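J.: Shown below is the structure under consideration.
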Amino acid sequence: NNPPYNAGAFRFELTFSPNHPLEPPRATLRTPIYHPSVDPEGRVCQPLTSHARWEHTTRAIQVLQDLLLQLDSPDPQRVLRPDLARELQERPEEFQRRAEEHTRLHAEPRPEP
């Protein structure tokens, strides 16, 4: 919902293990995104779904809400791409410009409300 990502739609996948809910799902972005918490393969740094923090009572909607919040507001503590985190902190205007361009090139059109 926030710039620079609100100009497009992003597909992601939640993969549930056969041992769910005892094991966390895995979130993967299928649309490339210029974001410090998402690596080039689409893996997301999401502590909520780490084995150390996972609770079997966590619902899928909570995982999705956490993911959307993280994508809208990058957290410097959730970093898989230190180069982008550094750029975001040191040159936020450049980060914003690159993320907007990347979104324009790779994201899908947003559906109409």
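The values are calculated or read from the model by the stated rules, or taken from the named source; none is laboratory data. These figures come from a predicted structure and were not determined experimentally. With ideal geometry, Cβ positions are generated from the backbone for all residues, glycine too; neighbour counts draw on all protein chains shown. Only protein heavy atoms, including side chains, enter the accessible area calculation; ligands, DNA and RNA are left aside. Shrake-Rupley method; radii C 1.70, N 1.55, O 1.52, S 1.80 Å.
J.: The chain: longest stretch without exposed trypsin sites (Lys or Arg not before Pro) (DSSP loop, at most 13 other Cβ within 10 Å), sites themselves excluded?
T.: Values: sites that count: ARG11, ARG30, ARG53, ARG59.
Result, exposed sites excluded: 60-113.
J.: Normalised by the residues of the range 12-106, what does the relative contact order come to in percent, with Cα pairs under 8 Å and at least six apart? Provide the component values of the computation, followed by the final result.
T.: Details: 118 pairs, mean separation 28.1, N = 95.
Averaging sequence separation for qualifying contacts and normalising by length gives 30 percent for the range 12-106.
J.: Rounded to a whole number, what % of the accessible area of the range 12-106 do carbon and sulfur atoms account for, probe 1.4 Å?
T.: Values: 2990 of 5880 Å².
Carbon and sulfur together cover 51 percent of it.
J.: Something else about it: Just check the range 52-110 against the gyration tensor rule for me: Cα atoms, a ≥ b ≥ c as the square roots of the eigenvalues, rounded for a/c under 1.5, and otherwise prolate or oblate depending on whether a/b exceeds b/c.
T.: Values: a/c = 3.29, a/b = 1.55, b/c = 2.12.
Taking the square roots of the gyration eigenvalues as a ≥ b ≥ c, the range 52-110 is oblate.
J.: What Rg and what Dmax come out for the chain when only alpha-carbon atoms are used, in angstroms?
T.: Rg and Dmax of the chain, Cα atoms, are 14.5, 44 Å.
J.: Moving on to the next point. If you count only protein heavy atoms with a 1.4 Å probe, what accessible area per residue comes out for the chain, rounded to a whole Å²? Display every interim value, and only then the final one.
T.: Working: 7250 Å² over 113 residues.
Per-residue accessible area for the chain comes out at 64 Å².
J.: A follow-up question, please. As a test question: what accessible area, to the nearest 10 Å², does GLU93 have when a 1.4 Å probe is rolled over all protein chains in place?
T.: Around 140 Å² of this residue is reachable by solvent.
J.: With a 1.4 Å probe and all protein chains in place, put SER37, SER50, SER73 in order of accessible area, largest first.
T.: Output order, biggest surface exposure first: SER73, SER50, SER37.
J.: Can I ask one more? What order do ASP83, ASP75, ASP66 take when sorted by accessible area (1.4 Å probe), most exposed first?
T.: ASP83, ASP75, ASP66
J.: Something else about it: Using the alpha-carbon atoms, what tilt in degrees (0 to 90, nearest 10) does helix 92-106 show relative to the longest principal axis of the chain?
T.: Helix 92-106 sits roughly 70 degrees off the main axis of the chain.
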